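Okay, so here's the structure we're looking at.
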Amino acid sequence: MADKIELTINGLSVKADKGMTILEAALRKGIYIPHLCHHRELEPVGACRLCLVEIAGKWTKIAISCKTEVQDGMVVRTETPEINAMRRVAVELLIADHDVDCLACARSTQCALQRVADHVGINKERLQRLRPKEEKLPIDDSNPFFNFDPNRCVLCGICVRTCDELQNVQAIDFINRGLETKVAGFGDKLRIESNCESCGECIVRCPVGALTEKDYLKPTHQVKTICTFCGCGCGLSLGVRDNQIVSAKGDPGNPASKGKLCVKGRFGFKFVNHPDRLKAPLVKRNGEFVEVEWDEALDIVAEKFSQSKGSRFATIASAKCTNEENYLVQKFTRSVMGTNNIDHCARL
């Protein structure tokens, strides 16, 4: 095909789409190139400088693979003594300035920095010659849903770009310079005082343990469903553990949301397991609510409805219902109950 480009990576023939970068082509082929700042949904910036590759032939040079587009006939090597030396220095400097208490990190075993360090072969003796960070920065736990630990941040910029490019909120950015550089809201205020919408999109893209959900429990399995907070139909992948929902993430295959969620979809699942949640219909008797069976409750509702036909009756539809369900609600109100007193609540 005209839009297909063939190149060679580490001696393997790779077919890529026109406009793809070397890193994207390699990852799709299953060839790992160390990286921290790359995310498939964001524009490449080449900030971490770890995805270096050597391009041979007429293009001979060392290039950043996340920003270099593939060319037909290109020959690429991802591992050379020179590249490995540069990567090792970059990773050592990151680790020397990083909180290395991995067992206490929610991202342990899923941390991109751990994977990179394992790949390049970090030597403990070489790390000991580097001066460790003298003081720890305070953890920002002001947000009710997640914590930000700047001591685990590698300044990849993925959270900043997510907030800017995908959410168009721009609640955070880099502040200060040099060793004092960090991610923060305007005026270096707490995250809760910024215009952060708590969507959590930055959390799911953070490659390390800098952004973590509060009270996070690792689920044992996932269950796909649809979010019930509004009528958009966003796809959810609920994490379940011990028959309780412990996490929620977006379903990339859902055509409505394409993997993205708002604050309610991502963090609003705790009502499901709440001890005060109603599990049976209640009827007031002698001034107190008592539980009854569904058949009895529906009989009572039908009786009350039959006594309230006409202008005494009103319906409020819900944004949590589908369009078809809301159509039936208005049809029932007008045709069966004989009134046009109907409204809706789409402002959840």
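Pull up segment 249-305, narrow it to residues that are polar (S, T, N, Q) and exposed (fewer than 13 other Cβ atoms within 10 Å of the Cβ), then point me to the one that is farthest from Val329 (Cα to Cα).
As a first pass, look at segment 249-305 and keep what is polar (S, T, N, Q): 254, 257, 273, 286.
Now restrict to residues that are exposed (fewer than 13 other Cβ atoms within 10 Å of the Cβ): 273, 286.
Values: Asn273: 29, Asn286: 32 Å.
Among those residues, the one meeting the criterion is Asn286.
Can you list the strands (runs of 3 or more DSSP E) lying wholly within segment 144-248 that have 3 or more residues being of a type outside the set (A, V, I, L, M, F, W, C) and surrounded by fewer than 19 Cβ atoms within 10 Å (Cβ to Cβ)?
Values: elements: 146-148, 172-175, 182-185, 211-213, 221-226, 235-241.
Because the criterion is at least 3 residues that are of a type outside the set (A, V, I, L, M, F, W, C) and surrounded by fewer than 19 Cβ atoms within 10 Å (Cβ to Cβ), the strands (runs of 3 or more DSSP E) in segment 144-248 that meet it are 221-226.
Considering segment 249-274 alone, what residues qualify as being under 16 Å from Asp215 (Cβ atoms) and assigned to a loop (DSSP other than H, G, I, E, B)?
Gly268, Phe269, His274
Yes/no matrix, rows are residues, columns are (1) assigned to a helix (DSSP H, G or I); (2) within 25 Å of Ser13 (Cα to Cα):
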residue	(1), (2)
Val76	no, yes
Ala85	yes, no
Arg88	yes, no
Leu103	yes, no
Thr109	no, no
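Can you name the number of the only condition in (1) more than 28 Å from Leu94 (Cα to Cα); (2) at pLDDT 95 or above that Thr162 fails?
(1)
Would you be able to tell me the number of residues in segment 22-54 that are crowded, with 20+ Cβ neighbours inside 10 Å and part of a strand (DSSP E or B)?
Residues that pass the stated criteria total 2.
The values are calculated or read from the model by the stated rules, or taken from the named source; none is laboratory data. Note that the structure is predicted; figures quoted are calculated from it, not measured. In this analysis, Cβ positions are derived from the backbone assuming ideal geometry, glycine residues included, and neighbour counts consider all displayed protein chains.
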